[in-house]
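The values are calculated or read from the model by the stated rules, or taken from the named source; none is laboratory data. Keep in mind the model is a prediction, meaning the values are calculated, not measured. A quick note on method: Cβ atoms are made from the backbone with ideal geometry, for glycine too, and the neighbour counts reach across all protein chains shown. Accessible surface areas use protein heavy atoms only, side chains included; no ligands, DNA or RNA. Shrake-Rupley method; radii C 1.70, N 1.55, O 1.52, S 1.80 Å.
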Amino acid sequence: MIAMTTFLFVLLLALLILLFLRQLWSRRHLPPGPLALPLIGTLGAYGISFQEDYISKHVKQYGNILTIWAGPQLFIVLSGFKTVKEGMTSFPEEFSDRLDNPLMTALGKERGIILSNGHTWKQQRYIAITSLRKLGLGKKSVEHQIEDAAQTLIEAFRQTKGQPFDPSISVINAVCNVICALSFGHQFAPEDENFQNLIQALESIVKLTGNFFYLMYNVFPRLMGYLPGPHKKALASVDLIVSFAKQEIEKHKEFHALHEPQDFIDYYLLQMEKSKNDPNSTYNKDNLAVCICDFFGAGTDTTFATLKWALLLLANHPDIQEKVQKEIEDVFGFSGSISYQDRKKLPYTNAVIHEMQRVKYVLLFGVPRQSIKDVKMRGYHIPKRTVIIPDLRSVLLDPEQWETPEEFNPNHFLDKDGKFMEREEFLPFGIGVRACVGQQLARIEIFIFLTSLLRAFSFRLPEGVKELNEAPIVKVTLHPHPYKLCAIPTKA
């Protein structure tokens, strides 16, 4: 009996060694990377979402093109500005697909913009870009809607009467209402029950990405379909947002304002009408509803996190805050509105806003892509269906591009004469054909919110607090730890 057990153990060990050697041979043309064991993959790969420096540590050892295995799934990481730019611009079509995994399919149902591919993705992206461009014009433009949301946010801050408070609830309400204005043509009162249900649904989806249940669902999708957990809540939350969007779509159909479109739903319904005789059209109610879900998913949490980091940095750096306020006061005083075009008159303010987004980039890395065919890059073989991670964090912190990459330094965006400089290396919204559809909206939103708030308040640390914690809570989106600050009304 002992001999048989020993024999089986030796046989199993020999098979594992043979499997390991075969694996090494089959992967010899891949980029280098940490040791990957059979079935398990790269040790610690499943913890990648909770280690801010996971990728950067391996890049130092293996170089700017890195192989990581999460179980049987191959990931290729592109790190640093030059490598990311080369990968995303040299292979725009080859690296154009989104992740094809069970949970992404369940969440997106291969509809909308973010999680669709091919012809569907191209059409949905087209209508999103053209609609956003058109909504930027006119008296009821999205910019005016953002100004309204900013005034509501100012009033919420004013209610704190200079006492320490957590700005999170007021900020998420304002940011979410901008997406409502874009999508539906109107905003909601913060206390509206449906509006708050929408925000809670978004939080459920964000919490799922990158955690243990996310990974388990992708490995055992059928089993997880029967088990309770946050994945069930996230899937239900997607259904809630889609259902909410469809209700708004029906209201728009009833009032039929296609002759004078006022929001994204109007423009999309107009496109549906134009394409009704095209058998290849993917413009339909289901895709429209998921597009709206995408706007909320992509346009709320990232801007919310950016604004929270911005307020924290302003409170921690009163000297920089005062210079911004002085520039705004010198150019505009305390009355009248400031438009996004006015950023050209505010070079220091514009530099500070860019630097906030650079030094406190809100994603752990870039949004993953998937290769649609075999590719050879820098002599390495990248197989079809490989997950490509353009590490945008490494671009924004690249020591070859930025003078003081780890420091909050607005001079990164100013020339020797104090004029604002556009930087090719500033890529918080991605690069290539899958760059963020709503990046212009986000830029306008961040600029108007921050300039409006800084005209109304000075942000100070609570009494007894020397500095707010600048370390992030490490998940797929990096938020600051909860904090309180004081919004002291300006002399205006």
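By a 1.4 Å probe calculation restricted to protein chains, V476 has an accessible surface near 50 Å², given to the nearest 10. Placing +1 on the Cβ of every Lys and Arg and -1 on the Cβ of every Asp and Glu, with nothing else charged, gives the chain a dipole about its Cα centre of roughly 1260 debye.
First compute the accessible area of region 165-318 with a 1.4 Å probe, then give the percent of it belonging to carbon and sulfur atoms.
Details: 3790 of 6730 Å².
That fraction is 56 percent.
Shown is the FRET efficiency for H381 and E155, computed with R0 = 60 Å from the Cβ-Cβ distance and rounded to the nearest 0.05: 0.55.
Straightening the chain between A3 and K246 buys 80.7 nm, computed as 0.36 nm per residue apart minus the Cα-Cα spacing. Listed by chain and number, the lysines placed with their C-alpha closer than 21 angstrom to that of K308 are K161, K207, K323, K360, K466, K475, K484; residues fewer than eight positions away on the same chain are left out.
For region 174-289, go through all pairs of different Cα atoms, get the mean of 1/r, take its inverse, and jot down that Kirkwood value in Å.
Details: mean 1/r = 0.0618 Å⁻¹.
Radius from the Kirkwood sum: 16.2 Å.
Each Lys or Arg adds one and each Asp or Glu subtracts one; over the other residues with Cβ under 15 Å from the Cβ of M377, this totals +2. Apply the a/c threshold of 1.5 to the C-alpha gyration tensor of region 68-216 and tell me whether it is rounded, prolate or oblate. Taking the square roots of the gyration eigenvalues as a ≥ b ≥ c, region 68-216 is prolate.
Taking 0.36 nm per residue of separation and subtracting the Cα-Cα distance, what length does fully extending E203 through D53 add? Before the final figure, lay out each step's value.
Details: separation 150, 0.36 × 150 = 54.00 nm, distance 2.48 nm.
Extending this stretch completely gives an extra 51.5 nm.
Of the GluC sites (Glu not before Pro) found in region 124-202, those in coil by DSSP whose Cβ has at most 15 other Cβ atoms within 10 Å are E191. Computing Kirkwood radius over Cα pairs in Å directly from the structure and comparing it against (1) 22.2; (2) 24.4; (3) 27.1 singles out (2). Ligands, DNA and RNA aside, S281 has an accessible area near 30 Å² when probed at 1.4 Å.
Determine the per residue accessible area of region 363-491 with all protein chains present and a 1.4 angstrom probe, expressed in square angstrom. Don't skip to the end; give the middle numbers.
Numbers: 5940 Å² over 129 residues.
Per residue, region 363-491 has an accessible area of 46 Å².
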